[in-house]
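A.B. asks: Dropping a structure here in structure tokens format, bear with me for questions.
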Amino acid sequence: MNTDGDEDSGARSALAHFKSVLTAAETLEAWAIQRRLFALKHRRLVVAATSGRFLALRRGFFGGFNLTDIRWQDLKEVKIDVGIVGACLTLTAFASPDLASASAQTRVYSYDGLRKDQAEAVYRIAQGHDQAWREKRRVRDLEEMRARSGGIQ
């Protein structure tokens with residue numbers, strides 16, 4: 001997990017929100033917070049990679065938060081663009097919650113202005129899960145094609 005010396009009360013509050021929504025066996029592996037420069041009209045965005053999913057948290061002006069939750073098995077692709085000031089993390093996820101490989105519809109989530117080192121840590125974890133689930137979907141698709149053609153496993 002990322003623990004930088006420049007962590008402020010807003011980051012600590014956001015991490016507390018993340019920890020409040022984790023399931024019993026889930027762990028927070030890495031997180032990234034938006035730079036203040038990119039959050040002039042809203043509160044800073046925080047994204048996190050856990051052992052089971054990707055989370056994005058937008059805190060409201062007057063309390064509360066809005067959580068975006070993407071399970072690793074629904075992730076199709078993850079990209080990172082690192083600039084001079086910040087990084088942009090873009091995730092493409094299957095729109096259908098079940099049987100993701102059968103769904104052609106996708107949704108794109110983009111998170112701009114993240115701290116570069118933190119965003120890279122989240123990206124590495126997301127990329128690892130993306131590759132693992134891509135292989136699992138490929139094997140499942142092959143098994144389903146074999147079953148449809150009448151083949152024996």
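FYI, it's all coordinate maths here, none of it is from the lab. Just so it is clear, the structure is predicted and the values come from calculations on it, not from any experiment. Backbone-built Cβ (ideal geometry, glycine too); neighbour counts: all protein chains shown.
A.B. asks: Assign unit charges at the C-beta atoms only (+1 for Lys and Arg, -1 for Asp and Glu), then state the dipole size of the stretch 16-153 relative to its Cα centre in Debye, rounded to the nearest 20.
C.D. replies: That gives a dipole near 440 debye.
A.B. asks: Magnitude of the Cβ-charge dipole of the stretch 12-69, K/R +1 and D/E -1, about the Cα centre, nearest 20 debye?
C.D. replies: For the stretch 12-69, the charge dipole is close to 440 debye.
A.B. asks: Now, a different point. For THR27, what is the net charge nearby, where nearby means another residue's Cβ is under 13 Å from its Cβ and Lys, Arg count +1, Asp, Glu -1? Don't skip to the answer; put the middle values down first.
C.D. replies: Working: positive: LYS19, ARG53; negative: GLU26, GLU29.
The answer is 0.
A.B. asks: Related question: Mind ordering 117-130, 66-79 by average Cβ neighbours within 10 Å, highest first? Present the calculation step by step, with values, prior to reporting the outcome.
C.D. replies: Values: 117-130: 19.1, 66-79: 17.1.
Averaged packing, sorted descending, gives the order 117-130, 66-79.
A.B. asks: Given a Förster distance of 30 Å, report the FRET efficiency between ARG124 and SER149 from their Cβ-Cβ distance, rounded to the nearest 0.05.
C.D. replies: Numbers: r = 38 Å, r/R0 = 1.28.
So, using R0 = 30 Å, E works out to roughly 0.20.
A.B. asks: Moving to a separate point now. Which lysines does LYS136 reach when only Cα atoms under 28 Å apart count, and residues fewer than 8 places away in its own chain are ignored?
C.D. replies: LYS76, LYS79
A.B. asks: Compute the acute angle (0 to 90°) between the alpha-carbon long axis of helix 9-21 and the principal axis of greatest extent of the alpha-carbon atoms of the chain; round to the nearest 10°.
C.D. replies: For helix 9-21, the angle is close to 30 degrees.
A.B. asks: Binning every alpha carbon pair distance of the chain at 5 Å from zero, what are the percents per bin?
C.D. replies: Bins of 5 Å from zero give 2, 9, 18, 20, 19, 13, 8, 5, 3, 2, 2, 1, 0 percent of pairs.
A.B. asks: Helix 116-148: angle to the longest alpha-carbon principal axis of the chain, degrees 0 to 90, nearest 10?
C.D. replies: 20 degrees
A.B. asks: Can you pull the one-decimal nm distance between simple spin-label points at GLU77 and LEU142, each 7 Å off the Cα toward Cβ?
C.D. replies: That separation, rounded to one decimal, is 2.3 nm.
A.B. asks: Now for a separate question. Which of the listed residues, ALA16, LEU57, ILE33, is farthest toward the dipole's positive end in the chain, when Lys, Arg count +1 and Asp, Glu count -1 at the beta-carbon?
C.D. replies: Selected residue: LEU57.
A.B. asks: Which order do peptides 54-61, 13-20 fall in by mean Cβ count within 10 Å, highest first?
C.D. replies: Values: 54-61: 17.5, 13-20: 15.0.
Answer by packing, highest mean first, reads 54-61, 13-20.
A.B. asks: Using a cut-off of 11 Å between beta-carbons, work out the net charge of the residues near ARG53 (Lys and Arg +1, Asp and Glu -1, ARG53 not included).
C.D. replies: Net charge in that neighbourhood comes out at -3.
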